[in-house]
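Okay, structure first, notes after.
Quick note: the coordinates plus some simple rules give every number you see, no bench work behind them. For clarity, every value in this text was computed on a predicted model and none was experimentally measured. Please note: Cβ atoms are built from the backbone with ideal geometry, for glycine as well, and neighbour counts cover all protein chains shown.
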Amino acid sequence: MRRAAVPRVFLLPDPERLQMSDPTLAPTALLDSDHPAVAAFAHEHARGGGDRERAVALYYAVRDGLRYDPYRIDLTVPGMRASTVLELGYGWCVPKAALLAAACRAAGLRARVGYADVRNHLSTERLRRVMGGDVFAWHGYVDVWLDGRWIKATPAFNLELTERFGLLPLEWDGRSDSIYHPFDKSGQRHMEYLRQHGAFDDMPLAAIVADFERVYPRLMAEADAMRRADFMADVARETR
């Protein structure tokens with residue numbers, strides 16, 4: 001009597017074991033992809049038929065769904081968490097990058113955070129005064145693993161802000177790097193990349209804080225006053 005063939009069973013990898021073996025999928029204290037709000041955000045926005053489509057959808061959800069505000073900087077662990085951006089509805093480049101990376105991880109997409117020092121020619125007078133110039137240290141972006149390579153995505157400036165400043169919106173197709181344009185719509189200088197810090201599995205908060213205290217002593221001293229100022233009101237006044 002011939003024995004019936006036993007069907008082969010393919011088991012998907014256990015998510016927790018996969019996260020333990022790959023830090024670019026694992027939650028951390030700052031990239032808290034296991035937070036219920038981050039998981040819900042990823043579930044709502046990571047739509048599409050493949051990894052690229054889902055990553056791109058998350059990029060635009062973070063870029064435009066959470067407004068950019070560099071006045072309200074809170075360098076504590078709670079203030080820098082990905083989930084805090086969702087709670088507040090705004091963030092500057094570093095926590096917005098943390099949110100995109102965490103949302104990607106929550107959706108099963110490998111992601112890490114990257115940083116560079118940039119010269120931003122388009123900021124407000126108030127921000128230039130407290131920073132002592134136009135160099136922004138530790139500007140944040142995200143690396144997402146797609147089609148066998150890391151691809152950069154920069155979700156900081158929401159569409160409304162780019163339109164106010166006359167900037168070219170920073171688009172992302174999941175195939176090529178999304179990094180800041182060197183010039184704005186009128187051909188004026190916008191952004192220069194000065195130094196790359198590299199990519200990290202978790203936000204190097206201690207290094208960021210140490211450099212901010214060294215480079216931006218006035219910003220750190222006036223952080224409370226800056227948080228009471230209105231970034232978009234300053235933008236509206238200076239771009240009339």
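Under a GNM of the chain (C-alpha, springs under 10 Å), which listed residue has the highest mean-square fluctuation: 46, 137, 210?
Highest fluctuation among the options: 210.
How about the range 26-115: which trypsin sites (Lys or Arg not before Pro) there are in a DSSP loop, with at most 13 other Cβ atoms within 10 Å of their Cβ? Working shown, then result.
Details: sites: 47, 52, 54, 63, 67, 72, 81, 96, 105, 110, 112; in loops: 47, 72, 81, 110.
Those that pass, being in a loop and sparsely packed, are 47.
Choose one answer from 159, 194, 99: the residue with the largest mean-square fluctuation in a GNM of the chain with alpha-carbon springs under 10 Å.
Checking each option, the largest mean-square fluctuation is seen for 194.
Taking only C-alpha pairs under 8 Å that are 6+ residues apart, what is the relative contact order of the chain in percent? Could you put the intermediate results ahead of the total?
On the way: 425 pairs, mean separation 51.4, N = 240.
RCO, the chain: 21 percent.
For the range 23-74, what value does the Rg/Rh ratio take when both radii are computed over Cα atoms and Rh is the Kirkwood radius, given to two decimals?
Details: Rg = 12.6 Å, Rh = 12.5 Å.
That ratio is 1.01, to two decimals.
Please report, to two decimal places, log10 I(q)/I(0) for the range 25-238 at q = 0.13, 0.18 Å⁻¹ as given by the Debye formula with identical point scatterers on the Cα atoms and no solvent.
-0.68, -1.36
Kindly give Rg over Rh for the range 62-173, based on alpha-carbon atoms, with the Kirkwood expression for the hydrodynamic radius. Each step should come with its number before you reach the end.
Values: Rg = 14.0 Å, Rh = 14.6 Å.
In the range 62-173, Rg relative to Rh is 0.96.
With the Cα gyration tensor of the range 29-112 giving a ≥ b ≥ c as the square roots of its eigenvalues, does the rule (a/c under 1.5 for rounded; else a/b larger than b/c for prolate; else oblate) give rounded, prolate or oblate?
On the way: a/c = 2.12, a/b = 1.61, b/c = 1.31.
Verdict is prolate for the range 29-112.
What does the convex hull of the Cα atoms come to per residue for the range 196-240, in Å³? If you can, show how the numbers build up before the last one.
Details: hull volume 6.2 nm³, N = 45.
Here the figure is 138 Å³ per residue.
Against the longest alpha carbon principal axis of the chain, how many degrees, from 0 to 90 and to the nearest 10, is the axis of helix 205-215 turned?
10
What does DSSP give for the range 25-238 in terms of the percent of beta bridges that are antiparallel, rounded to the nearest 5?
Working: 22 of 24 bridges.
Given both bridge residues lie in the range 25-238, the antiparallel proportion sits at roughly 90 percent.
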